[in-house]
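The values are calculated or read from the model by the stated rules, or taken from the named source; none is laboratory data. The structure displayed is predicted, hence computed values, not measured ones. Ideal geometry is used to build each Cβ from the backbone, glycine not excepted, and the neighbour counts take in all protein chains shown. Heavy atoms of the whole protein, side chains included, go into the accessibility calculation; ligands, DNA and RNA do not. Shrake-Rupley method; radii C 1.70, N 1.55, O 1.52, S 1.80 Å.
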Amino acid sequence: MTILNANKVTKSFGGLTAVAKASLKLEKGELVGLIGPNGAGKTTLFNLLTGIYTPDSGTISLYKDGQEIMLQGLRPNKICSNGLARTFQNIRLFKDLTVLENVLIAMHKNVKYGFVPSFLHLPYYKKQEQELINDSIELLKIFNLDDKKDELAKNLPYGEQRHLEIARALATNPVVLLLDEPAAGMNPAETAELTRIIKEIRQKFDLTILLIEHDMSLVMNICERIYVLDYGMVIASGTPEEIRSNKRVIEAYLGEEVNNA
Amino acid sequence: MKKLIALGLTYAVIQILIMTNLISDYLQATLVTICINIILAVSLNLITGFTGQFSLGHAGFMSIGAYVCALITMRTSTIYGFIIGVFAGALAAAIMGFLVGLPTLRLRGDYLAIASLGMSEIIRIIFLNLEITNGAAGLNNIPQFVNWTWLFIFMTATVLGISNFIKSSHGRACISIREDEIAAEAMGIDTIKYKVIAFVIGAFCAGIAGALYASYFYFIKPDLFGFLKSVDILVIVVLGGMGSISGSILAAILLALISTYLQSFPEIRMVLYAAALIAIMIFRPQGLMGSRELSLEFIGELGNRLKSRKGRV
Ligand SMILES: Nc1ncnc2c1ncn2[C@@H]1O[C@H](COP(=O)(O)OP(=O)(O)OP(=O)(O)O)[C@@H](O)[C@H]1O
Ligand SMILES: [Mg+2]
């Protein structure tokens, strides 16, 4: 069953076509990789899917509860409320806020109390606020960040900042999770831990995941399917084995790396 | 509970000082200025310090509150007229905030600064030219209803209301915009909505401040609410610390005291005032409080730091 379908999406910046008629389909529950050389347009495609940019042409549909929701043209917050969450390649945490606050903010759409209870701190506010905090801490536990809930995000080590980005995205309660180079800058041990966490949250939250990654061992290891982007175009897609032996991929992209992985 | 006791004590002590005439009329005017400036600074802090939207139009909202309340109380000179006047003034300011905020806050960047500056100038010019507001001469003999009790009620309500709001999920949504607007949107925060909300709440409170001003000083004219007044309020916010409510309160008190003290040196008053500001900003560029809040723990920590510094020497 298809959950996300991007159809011939295009985006140009001036003369440069960063994403050119790229089509991509995710089946429910899949873990799919998105690879390609630097500047291929991977992050731009994420930005299109999540509404940071509006596509020049093409459509993006999300299928939820048997209904098709057109995402192109919606604002990012609407796309997020529809169940598409992401992390950022260049970490964009709320740096000067605590770990807990980062997650709480992402839980905002679960809040039912209105403005009056928040001005007056009525019991209704207090009860819900406590529930939000409890849920956030549960989430942080998965990433072993619950002990650090009161630390400022900017003071976390790099790897933990990447973890917090994922925790924050999960707090929005997504059906599709987009991870932009989650293992960037991690050592092999950290990457292994990350791999374990990705598998765990996928099970636990019943997620469909699309993952951009340069670390080929990670991609080949956990992805069931891979899309390859080059100059904004999808030049290949298939299972890791198919991609590994795909001639166009080897030519256009990182031949040796793919073979060695 | 501790908070309530502290508030009650503050109110009672000052009330007694006023009743026993230990606070002269002149000092009373300073006290009123402090309270009004606290309301203005804390509400501007919500817009600028917490939500990260640079606004230069706070005096404009203040003037709406002042004129609306003045016009109502001059016709209905009763305490009910006054209360209605305050809320009508605040509401009118809030509506104006909505009308200006909705189109400009959709844009990223500093468009708001320019738009809000333009808005407050337009409001000033409208008051300057209307017949009902008596043009440049302004309104005189506005019935005086404001006393320490009313000031205290409105000031406390504003400060507590806004600091509670900041600690709610709605307030966190505002803060996330300041921290990273794109990330906030990607996490499902309707950034336009929350920018407008912060702006409208801020305008509402500025309207209250204006109404209190009109009713205490019983004389208003458009020139009182010009660009310089907006800058004055911004100075308090920056000096106290962007995103610190107790900072705004401290700075409002400190600046009023400096300015009152300097009244005895009229010739060099503004020079000294500016020099004091520059000095503070050199030594505390993040403002007196940074983005922290004054609390008992914070004072304890300060004490410890001082102690350890002494220990080293
Ligand atoms: N906002 C923008 N304005 C202009 N050009 C842009 C913008 N965003 C991306 N680009 C350009 O689009 C192309 C694709 O960039 P993108 O960031 O999507 O690549 P990527 O595949 O994510 O690369 P990397 O692996 O280095 O992260 C690049 O040439 C980039 O310079
Ligand atoms: Mg990228």
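If the condition is being in contact with a His (Cβ under 8 Å, 6 or more places away or on another chain), within 18 Å of B:Ala173 (Cβ to Cβ) and open to solvent by less than 20 Å² (accessible area, probe 1.4 Å), then the range A:109-161 contributes only A:Ser118. Residues in the range B:161-187 that are polar (S, T, N, Q), part of a helix (DSSP H, G or I) and facing chain A (nearest Cβ under 7 Å): 3 in all. Annotation: A:Gln72 fulfils all but one of (1) more than 16 Å from ligand 2 (Cβ to nearest atom); (2) modelled with pLDDT of 95 or more; (3) more than 15 Å from A:Val175 (Cα to Cα); the unmet one is (2). Check whether at least one residue in the range A:163-180 is without any contact (Cβ under 8 Å) to a residue 60 or more places away in the chain and more than 18 Å from A:Leu145 (Cβ to Cβ), and report yes or no. Checking the range A:163-180: not a single residue is without any contact (Cβ under 8 Å) to a residue 60 or more places away in the chain and more than 18 Å from A:Leu145 (Cβ to Cβ). With the requirement that a residue be open to solvent by 40 Å² or more (accessible area, probe 1.4 Å), near ligand 1 (Cβ under 9 Å from one of its atoms) and of a type outside the set (S, T, N, Q), what does the range A:1-51 give you? Listed by number, the residues that qualify are A:Phe13, A:Gly14, A:Leu16, A:Gly39.
On the stretch given as the range A:97-115, residues that are more than 17 Å from B:Ala186 (Cα to Cα), outside any loop (DSSP other than H, G, I, E, B) and either at the interface with chain B (Cβ under 8 Å from one of its Cβ atoms) or small (Gly, Ala, Ser) (or both) total 1. Please go through the range B:69-80 and pick out each residue that is over 18 Å from the mean Cα position of the chain (by Cα) and in contact (Cβ under 8 Å) with a residue 24 or more places away in the chain. B:Ala70, B:Leu71, B:Thr73, B:Met74, B:Ser77, B:Ile79 - these are the residues of the range B:69-80 that are over 18 Å from the mean Cα position of the chain (by Cα) and in contact (Cβ under 8 Å) with a residue 24 or more places away in the chain. Within the range A:52-75, the residues that satisfy the criterion of being within 23 Å of B:Asp180 (Cβ to Cβ) and within 16 Å of ligand 1 (Cβ to nearest atom) are A:Ile52, A:Tyr53, A:Thr54.
Within the set B:Ile39, B:Ile83, B:Ile34, the sole residue that is without any contact (Cβ under 8 Å) to a residue 60 or more places away in the chain and in a helix (DSSP H, G or I) turns out to be B:Ile83.
Looking across B:Leu228, B:Leu250, one residue alone is open to solvent by 10 Å² or more (accessible area, probe 1.4 Å) and within 25 Å of B:Val86 (Cβ to Cβ). It is B:Leu228. Of everything in the range A:220-232 that is open to solvent by less than 10 Å² (accessible area, probe 1.4 Å) and within 14 Å of ligand 2 (Cβ to nearest atom), the residue that is nearest to A:Gly41 (Cα to Cα) is A:Gly232. Checking each residue in the range A:134-185 for being within 16 Å of ligand 2 (Cβ to nearest atom) and either more than 20 Å from A:Leu26 (Cβ to Cβ) or in a loop (DSSP other than H, G, I, E, B) (or both) picks out A:Arg162, A:Glu165, A:Glu181, A:Pro182, A:Ala183, A:Ala184, A:Gly185.
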